1. For a quick size check, give me the Cα extents of the chain along its three principal axes, largest first, whole Å.
2. Grab the Cα-Cα distance for residue 31 and residue 73, subtract it from 0.36 nm times how many residues apart they are, and report the gain in nm with one decimal.
3. Is it possible to state the helix-based mean residue ellipticity at 222 nm for the chain, with each DSSP H run of 4+ residues giving -39500 (n - 2.57), the sum divided by total residues, to the nearest 500 deg cm²/dmol? What is it?
4. Neighbour counts of other C-beta atoms within 10 Å: give me 49, 12 arranged from fewest to most.
Ligand code: SF4
């Protein structure tokens with residue numbers, strides 16, 4: 001799993017719990033955004049963990065978030 005304090009995570013503001021996203025640093029964050037609904041998340045929205053193209057060597061938390069979040073098309 002990607003750790004919140006991994007250098008790659010810090011670089012993009014990744015947190016394993018989206019509610020802890022740094023809203024001052026990343027004003028684009030809006031409540032409800034989470035890895036599970038991101039276009040780069042390889043899995044279902046309800047999955048607890050999944051692969052993300054940003055972190056090829058590790059997995060991210062479904063409830064996580066980072067500043068590269070883009071809504072997955074329905
Ligand atoms: Fe999560 Fe998307 Fe960021 Fe990957 S790019 S860590 S799936 S928000």
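1. In descending order, the Cα extents are 29, 26, 16 Å.
2. Details: separation 42, 0.36 × 42 = 15.12 nm, distance 1.78 nm.
Gain on extension, residue 31 to residue 73, equals 13.3 nm.
3. On the way: 1 runs with 6 residues, N = 74.
Value at 222 nm, helices only, nearest 500: -2000 deg cm²/dmol.
4. On the way: 49 19, 12 15.
Lowest to highest Cβ neighbour count: 12, 49.
Here, each number is a calculation from the coordinates, and none is a lab measurement. Note that this is a predicted model, so its numbers are computed, not measured. Positions of Cβ are backbone-derived with ideal geometry, glycine not excepted, and every protein chain shown enters the neighbour counts.
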